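K.L.:
Below you'll find the structure I mean.
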Amino acid sequence: MKKALSAILLAVLLLSPAGCYDYSEPDEKAWVMALGLDKGRQNVLTVTAVIAVPKNIAGGGGGQPASGGGGQGGFITVSLETETLLSALELLNAVMDRKADLSHNKWFVFSRELAEEGIGKYFAPIARFYQFRRTSSVIVCQGRAEEFLAKGQPKLEDNVGKYYELMHRGWRYTEFIPFDNFHHFYIKSSSPGIEPVAVLAALERKSPVYETDAPKTMGRYQAGRIPREGGGNIEIMGGAVFRAGKMLGTLNGDQVGVQKMFNGTFNRTIVDLPDPEHPDQYIILEVEPRQAPEVRVQISDGYPRITASLKLEGDIISIQSGVNYTRPERLPDLERAVEEALLENVNNTVAKSQELGADFLGFGLHAKKLFRTWPEWEAYKWEEKYPLAEVTVNVDYRIRRSGLLHEMEPLQ
Amino acid sequence: MMRQQTVIGVSEAVTILFIFISAKTFLSYGRQFFHESYNAAWMVPLVQTFVGLAGVLLLVTLLQKFPGRNLVEIGEELAGPYINGLFALFYLTVFILGAALTLRGVSERVEAGYLPNTPISMVVLFFAVGAVVVGYLGPEAVSRTARFLLGVLLVTTMVLIALTVPLWRFHTLYPLWGSGPLEILKSGLTSSGDFVQILLLGIIYPFLPGGKIKQVGVWGVAIAGFFMFTYIWTSLLVFTYPAVSELALPSFEISRMVNIGRFGQRVEVLFMPVSIFANLIFLSVSLYAAASVLCSLCKLRDYRPFVPAMAVLVQTVAFIPQNVPQLIYWNEAYLSKYSLGALAGILLVLLLITRFKGKGGVIDEKST
């Protein structure tokens, strides 16, 4: 009798938490994969939810995706006019048969218009909400977020969540996609001494971006201004600089690369260098970090004097002219040319950060080591002093490998 | 059949003391340090640990004079039943209030992270039932359960911390002195009540191997201090100051940050058992200790009838805070602050009485 009672008690205790209140069937949820925020037309905000359509993601058998390969049907979008972001989550249930859930949300997309007005007030409620994850990406899109998300069909994936995740993961192998996800964006936003950079995105521009075929380094491009045909509708390149929750300006691909070099999140990039002996031809090199950046900050007459050194290395990928730069005595010429090209980018980026009054390069994080206590550091008001700082940067580049060829023979 | 005498081994005793002190890291422990010491909050657990060690030495000095007796019995002999009644009331408050706030806190954590639609009373009931069962079985069962789960606790914690290393940002440690050395010291001293759980030594002392009380106390406090320091350190490096000061449950948020590729996300549920184990052990120990204090006070031989009664009392107290912010505030205001100071005051009074009355006197219990 005692054992039977114990067994019944145990069964009641074990089964009730699993099935009574918080039972959750994944196929009864509407998984929100991205949320977009625009200034509202009929209310304060237009909140757009991208909701995965699992039956189209699961695959149609025989290796054929159910959606027909183009990602069509892998998601639907719903745009709602609400006062706040999270009230849209409840309102979604008025138009969806499944319960909306943010647990798998990958992207928070803010329209540029809203970002320039300020998005700080939308951050705190999101961070507090239990379904939300700080690993989501923060995207600023040119134009309206609802259009951006509705037209942003993946081409290679059926799973829109994977598409969003892989798009931002490009930061690992390109210089021009910012690293900052929501977590980094948030902690940088609340910390004096560094400012966050969100991913800049746009829909493909149909009309020509440039009128001439004059040479342009790819790093000058940014989302919405990439001359191209084909591919996915969405492009992400460059960054949106924020301070105090408000977008101040944009960075192109090269400037994002420099930001990542100083933030320690730069992995690699490819530099097209005009050949010193044949200016109409290019030498293509890979650039990788050799060491963490060295930054020294001194304060003289109340203003910062910053000295930084970027130590990089890389490989020769291609030499169009066939000139034998790979001989040991010629390599320093190439290294110097790369250093000059990179230094120009660095100086442009430093100038941009001072012009915007936003230390997105994070020099302030080095400056705060000079202070004994936090109140002393806050009282210094770095954000006011940084635009007037004297910044000297040195770039040191070393070629390590020359690819699968050593010395080339000229074409006959 | 004769009932065997209860014995707790040294490693079991160290484990139970370590978990009893440090289980709070899985709740809102350390939240106020970031407000008081800013980015130097990692120094506060170190200050607390030294204060806790001082408290242990004081407690050990008293206990060693009365081998085989617990703190309530010692107090009765030295201060008499009336004054000792007040002291025992303090001990009871520490155990019951600590258990009640922990019970509510851990239940609210489960509510916030895993079971948002389940009524809080249901979650509280589950924890209470588990704690009553283990607490009823006595200190041996509690300590052996704790010792058994120690490996799980340590390995899981190390894995969790290792997985967050890529998120560490060392710049947050500067400016090195945060709000200033004096403020850090003040924060450590005023929150030293986080180590008031050393009181447990005074309850389980009769069950410990002879001559090992100091070893148990020092190691238990030192390991707990290191554990608490590690969690504060990791929270600070992952979330950086000032963002870290906003978190209600830093250890939970750390586990939500783990991201090791597309298939290594949302793994916080793997780390949930650690917090559940640690807090269940805390609750079981608290119920046993509270029952034991009452038992000694009433001069009864069996503590067990008091365990369910204590559980009911703990549940009742657990529902007094109206909401989670109030719960956190009460914990900081009534337990973290000054409670170790109050315990030290009681111990000093008892030591003074010992000196004046010339009682006790067995300094080295090895000789007994």
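K.L.:
Can you find a residue that is within 27 Å of A:T349 (Cβ to Cβ), among the acidic types (D, E) and away from every other protein chain (no Cβ under 12 Å) anywhere in region A:156-165?
P.N.:
Checked region A:156-165: no residue is within 27 Å of A:T349 (Cβ to Cβ), among the acidic types (D, E) and away from every other protein chain (no Cβ under 12 Å).
K.L.:
I'd like to check something: does region A:252-260 contain any residue that is at pLDDT below 95 and either among the aliphatic types (A, V, I, L, M) or surrounded by fewer than 16 Cβ atoms within 10 Å (Cβ to Cβ) (or both)?
P.N.:
No, there is no match, as no residue in region A:252-260 is at pLDDT below 95 and either among the aliphatic types (A, V, I, L, M) or surrounded by fewer than 16 Cβ atoms within 10 Å (Cβ to Cβ) (or both).
K.L.:
So which strands (runs of 3 or more DSSP E) are wholly in region A:228-321 and hold at least 3 residues that are over 26 Å from A:N181 (Cα atoms) and touching a helix residue (DSSP H, G or I) at 6+ places or on another chain (Cβ under 9 Å)?
P.N.:
Passing ranges, in order: A:269-274, A:294-300, A:303-319.
K.L.:
Let me ask something else. With aliphatic (A, V, I, L, M), closer than 25 Å to A:Q281 by Cα and either surrounded by fewer than 21 Cβ atoms within 10 Å (Cβ to Cβ) or away from chain B (no Cβ under 14 Å) (or both) as the only criterion, which of A:V209, A:V199 stands out?
P.N.:
A:V209
K.L.:
So, one more: Can you tell me how many residues within region A:20-39 are within 14 Å of chain B (Cβ to nearest Cβ) and out of contact with any Phe, Trp or Tyr (no Cβ under 9 Å at 6 or more places or on another chain)?
P.N.:
Total satisfying the criteria: 9.
K.L.:
Hey, among B:F271, B:F282, B:F277, which residue is closer than 30 Å to B:Q64 by Cα, away from every other protein chain (no Cβ under 11 Å) and in a helix (DSSP H, G or I)?
P.N.:
Within the list B:F271, B:F282, B:F277, the selection yields B:F282.
K.L.:
Separate question: Being under 30 Å from A:S190 (Cα atoms) and of a type in the set (F, W, Y) is the filter here, so list the residues in region B:203-250 that pass it.
P.N.:
B:F226, B:F227, B:F229, B:Y231, B:W233, B:F239, B:Y241
K.L.:
Let me ask another. Filter region A:86-108 down to the residues that are touching a helix residue (DSSP H, G or I) at 6+ places or on another chain (Cβ under 7 Å), of a type in the set (A, V, I, L, M, F, W, C) and farther than 22 Å from A:A202 by Cβ and list them by number.
P.N.:
Scanning region A:86-108 gives A:L86, A:A100, A:L102.
K.L.:
So which residues in region A:121-155 are outside any loop (DSSP other than H, G, I, E, B) and within 14 Å of chain B (Cβ to nearest Cβ), if there are any at all?
P.N.:
Listed by number, the residues that qualify are A:F123, A:A124, A:P125, A:I126, A:A127, A:R128, A:S137.
K.L.:
For the subset of region B:69-94 comprising residues that are surrounded by fewer than 22 Cβ atoms within 10 Å (Cβ to Cβ) and aliphatic (A, V, I, L, M), which member is nearest to the chain's Cα centre (by Cα)?
P.N.:
Here the answer is B:L92.
K.L.:
Taking region B:174-192 as the region of interest, how many residues are more than 14 Å from chain A (Cβ to nearest Cβ), in contact with a helix residue (DSSP H, G or I) (Cβ under 7 Å, 6 or more places away or on another chain) and surrounded by fewer than 24 Cβ atoms within 10 Å (Cβ to Cβ)?
P.N.:
Count: 2.
K.L.:
Condition first: outside any strand (DSSP E or B), buried (at least 17 other Cβ atoms within 10 Å of the Cβ) and under 25 Å from the mean Cα position of the chain (by Cα). Now tell me which residues in region A:90-103 satisfy that.
P.N.:
A:L102
K.L.:
Among the helices (runs of 4 or more DSSP H) confined wholly to region A:322-412, which include 3 or more residues that are touching a residue at least 60 places away in the same chain (Cβ under 8 Å), within 33 Å of the chain's Cα centre (by Cα) and more than 14 Å from chain B (Cβ to nearest Cβ)?
P.N.:
Ranges flagged: A:331-356.
K.L.:
Please determine, by comparing only the residues of region A:196-253 that are without any contact (Cβ under 8 Å) to a residue 40 or more places away in the chain and among the aliphatic types (A, V, I, L, M), which one is farthest from A:T174 (Cα to Cα).
P.N.:
A:A214
K.L.:
Considering B:V362, B:V312, B:V317, B:V349, which residue is modelled with pLDDT of 90 or more, within 22 Å of B:N84 (Cβ to Cβ) and of a type outside the set (D, E)?
P.N.:
B:V349
K.L.:
Does B:T6 fit the bill of being polar (S, T, N, Q), more than 14 Å from every other protein chain (Cβ to nearest Cβ) and part of a helix (DSSP H, G or I)?
P.N.:
Against the criterion (polar (S, T, N, Q), more than 14 Å from every other protein chain (Cβ to nearest Cβ) and part of a helix (DSSP H, G or I)), B:T6 does not qualify.
K.L.:
Suppose we keep only residues that are of a type in the set (G, A, S) and assigned to a helix (DSSP H, G or I) within region B:128-151. Which one would you say is nearest to the other protein chains (Cβ to nearest Cβ)?
P.N.:
B:G130
K.L.:
For region B:144-163, does any single residue satisfy the condition of being more than 24 Å from the chain's Cα centre (by Cα), surrounded by 18 or more Cβ atoms within 10 Å (Cβ to Cβ) and either of a type in the set (D, E, K, R) or modelled with pLDDT of 90 or more (or both)?
P.N.:
Yes, the conditions are met somewhere in region B:144-163.
The values are calculated or read from the model by the stated rules, or taken from the named source; none is laboratory data. Because the structure is predicted, anything quoted here is derived from the model rather than measured. Note: ideal-geometry Cβ built from the backbone for every residue, glycine included; neighbour counts use all protein chains shown.
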